[in-house]
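The values are calculated or read from the model by the stated rules, or taken from the named source; none is laboratory data. All values reported here derive from a predicted model rather than from experimental measurement. Cβ sites come from the backbone with ideal geometry, for glycine too, and all protein chains shown count toward neighbours. Only protein heavy atoms, including side chains, enter the accessible area calculation; ligands, DNA and RNA are left aside. Shrake-Rupley method; radii C 1.70, N 1.55, O 1.52, S 1.80 Å.
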Amino acid sequence: MYELPELDFDYDALEPHMDEETLKIHHGKHHAAYVKKFNDSVEGTEYEKVELRDLIVDLDKIKGDIQTPIRNAGGGAYNHSFFWEILTPEKDSGEPLENTAKAINESFGSYDEFKKQFSEAALTVFGSGWAWLVVGEKGLEIVKTPNQDNPMSVGLKPILVIDIWEHAYYLKYRNLRPDYIEAFFNIINWKAVEKKFLE
Ligand code: MN
């Protein structure tokens, strides 16, 4: 049983970067639906009591028809929980913390160059998907995943993500995905990213 997590902030707390109505529907309807669908899918199966994170890491080992709902609904449940964790109201946001900042500089040269490459990746996600900052073999990397796929399924450790499904921004930003991406940088919870980096 995977539970819809409560947010650490109110639905209107990320205004004006992420509007109240979008966040309310995104968390209360979209995310909640993924959670329900995932729980319904694994109920009564051998996967019912396995941690969702472990299912996603070992997705390739799951055989049969159930792999698809675990990938899609389970991925949707997990990815959104992850997304909420790395968001914070603007007053708490800022710059990458010590270890993350050092890794960003080592892998991208500077924060500005990282921001440029991450934004470009987010902008070029085709269709619905996500852009991630992950820890790979040679340091930090930026990767994109389609649908509700997660980089953990290919052995990468995600530390930051932006949701590029239109439901994440269309009510406020309409077709202006670049504006949504730019706004996202104002509400990144770098403390949470640092924690994920060090885990
Ligand atoms: Mn979403």
Matching residues in the range 133-164 (touching a helix residue (DSSP H, G or I) at 6+ places or on another chain (Cβ under 8 Å) and within 16 Å of the ligand (Cβ to nearest atom)) number 12
Does Val193 count as within 15 Å of the ligand (Cβ to nearest atom), under 13 Å from Leu87 (Cα atoms) and touching a residue at least 40 places away in the same chain (Cβ under 8 Å)?
-> no
Criterion (more than 16 Å from the ligand (Cβ to nearest atom), of a type in the set (Lys, Arg) and without any contact (Cβ under 8 Å) to a residue 40 or more places away in the chain) met by exactly one of Lys24, Lys49 | Lys49
In the range 145-180, anything touching a Phe, Trp or Tyr at 6+ places or on another chain (Cβ under 7 Å) and free of Cβ contacts under 8 Å to residues at least 24 places away in the same chain is listed as Thr145, Pro151, Tyr173, Asp179, Tyr180
Please determine, by comparing only the residues of the range 34-46 that are open to solvent by 60 Å² or more (accessible area, probe 1.4 Å) and within 12 Å of Ile70 (Cα to Cα), which one is farthest from the ligand (Cβ to nearest atom).
-> Glu43
State whether one or more residues within the range 6-20 are farther than 16 Å from Ala168 by Cα, of a type in the set (Phe, Trp, Tyr) and either within 16 Å of the ligand (Cβ to nearest atom) or free of Cβ contacts under 8 Å to residues at least 24 places away in the same chain (or both).
-> no
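With respect to Tyr11, is the statement that it is touching a helix residue (DSSP H, G or I) at 6+ places or on another chain (Cβ under 8 Å), in a loop (DSSP other than H, G, I, E, B) and over 28 Å from Val154 (Cα atoms) true?
yes
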Which condition number does His31 fail, the rest of (1) at pLDDT 95 or above; (2) away from the ligand (no atom under 16 Å from the Cβ); (3) not polar (S, T, N, Q) being met?
-> (2)
